[in-house]
Every structure is written in structure tokens, then in C-alpha cells.
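Participant: Let me begin by handing over the structure; questions about it come next.
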Amino acid sequence: DTTNTAKLTYTVSGVTIAKNVTRQTWRTENLSGSYYGGDSGEQTLCGAANGYRETQTSIEIAHAADNSITITTKDPQNRVQTVTGTYSQSGHVGRIVGTLSAPQQGLTGTVNYFEIERTISGITGRGHVVLSSGCVWDGRWGGVRR
């Protein structure tokens, strides 16, 4: 049904049974770390900037005990972007809802990062970002652990 729920349907001795299932969280991840990676995705409602875009970035994540999170990225032109928000988790998959600020580019907006998975090697996720200008980015992001 969603990234966190599903419907399980099975038949036993001719009787069909349907049950709703949901991810179970056994341990909350801490995403803190330093990564090298980037993002790729589609921009819409962005005028001349519409279309596919990918960016290399260094990624620094600070994840506090209260699940507040700060993600600071820096692109090859040393432009800094900061996402601040709250982390939640369902099963082993996380979500960050928050705000974006990129003062050097004059950008602000809202962020919904989801399907976040951290492994010993790195981090991946998908995202939906809406800038205050109305420009929308939908795509994937991630990085390898440094």
C-alpha cells in the first residue's frame, strides 16, 4: 500500500485471508556521519531549469538523540545547502521532514526525504523538495561513508 504498509493475502484450505501488515522498528538508526555522493532527479515548475539534474556533494549528517537532524551538503563550487528536520523510522526505513536553506543561492523550501536506508557502506534515499519559488525536485540521493 505504502512504503511502510502492505496487504498480505493468502489462501488456506480454500479460505482466503487478508491481513494488513506494517514495518516493525527494532532499533532506530543514527544517520550521523560523513559521506561523499550526490543527488539525481527531475525538476519541474522551475522555468529554464526544468528537467533532469544531478549534483556531486559532500554530505555531513548530525543526528541528535531527540531525532532532530541537520544535513549539510557542499557541491564542487563550495555552495552550502542545509536541511534541518525531524527523523522518523518505520522498520529499517527512515524519513526526514524539514526545511532547506541555501543562502548562497537564495533558496529556501520544504523537504521530504523518505525510504532512507543506512548501511555500513553508506546511505541512500529518495526525496521531494519544494522551493519557495515553487520549483519542485523529485529524485534520489545518497553517498558512501567516508
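Participant: Does the range 126-140 contain at least one residue that is farther than 20 Å from residue 40 by Cβ, touching a residue at least 12 places away in the same chain (Cβ under 8 Å) and among the β-branched types (Val, Ile, Thr)?
Facilitator: The answer is no; no qualifying residue exists.
Participant: Take the range 110-121 and flag every residue that is under 18 Å from residue 139 (Cα atoms) and touching a residue at least 24 places away in the same chain (Cβ under 8 Å).
Facilitator: 111, 113, 114, 115, 116, 117, 118 - these are the residues of the range 110-121 that are under 18 Å from residue 139 (Cα atoms) and touching a residue at least 24 places away in the same chain (Cβ under 8 Å).
Participant: OK, next. Can you tell me which residues in the range 47-65 are open to solvent by 30 Å² or more (accessible area, probe 1.4 Å) and either more than 19 Å from the chain's Cα centre (by Cα) or hydrophobic (A, V, I, L, M, F, W, C) (or both)?
Facilitator: Passing the criteria: 47, 48, 49, 50, 62, 64, 65.
Participant: Determine whether residue 41 is open to solvent by less than 40 Å² (accessible area, probe 1.4 Å), closer than 18 Å to residue 112 by Cβ, small (Gly, Ala, Ser) and out of contact with any helix residue (DSSP H, G or I) (no Cβ under 8 Å at 6 or more places or on another chain). Walk me through how you get there before you give the answer.
Facilitator: Numbers: open to solvent by less than 40 Å² (accessible area, probe 1.4 Å): yes; closer than 18 Å to residue 112 by Cβ: yes; small (Gly, Ala, Ser): yes; out of contact with any helix residue (DSSP H, G or I) (no Cβ under 8 Å at 6 or more places or on another chain): yes.
It is true that residue 41 is open to solvent by less than 40 Å² (accessible area, probe 1.4 Å), closer than 18 Å to residue 112 by Cβ, small (Gly, Ala, Ser) and out of contact with any helix residue (DSSP H, G or I) (no Cβ under 8 Å at 6 or more places or on another chain).
Participant: Considering each residue of the range 110-123, count those that are open to solvent by 50 Å² or more (accessible area, probe 1.4 Å), in a strand (DSSP E or B) and either aliphatic (A, V, I, L, M) or touching a Lys or Arg at 6+ places or on another chain (Cβ under 7 Å) (or both), and give that number.
Facilitator: The qualifying residues number 1.
Participant: Next question. Need at least 1 residues that are hydrophobic (A, V, I, L, M, F, W, C) per element, so show me which strands (runs of 3 or more DSSP E) inside the range 1-109 make the cut, counting only ones lying wholly within it.
Facilitator: Output list reads 5-12, 15-22, 51-63, 68-74, 80-90, 93-102.
The values are calculated or read from the model by the stated rules, or taken from the named source; none is laboratory data. It should be emphasised that the depicted structure is a prediction, and the values quoted were computed from it without experimental measurement. Glycine also receives a Cβ, built like all others from the backbone with ideal geometry; neighbour counts cover every protein chain displayed. Ligands, DNA and RNA are stripped out before the accessible areas are found, and what is left, the full protein with its side chains, is counted by its heavy atoms. Shrake-Rupley method; radii C 1.70, N 1.55, O 1.52, S 1.80 Å.
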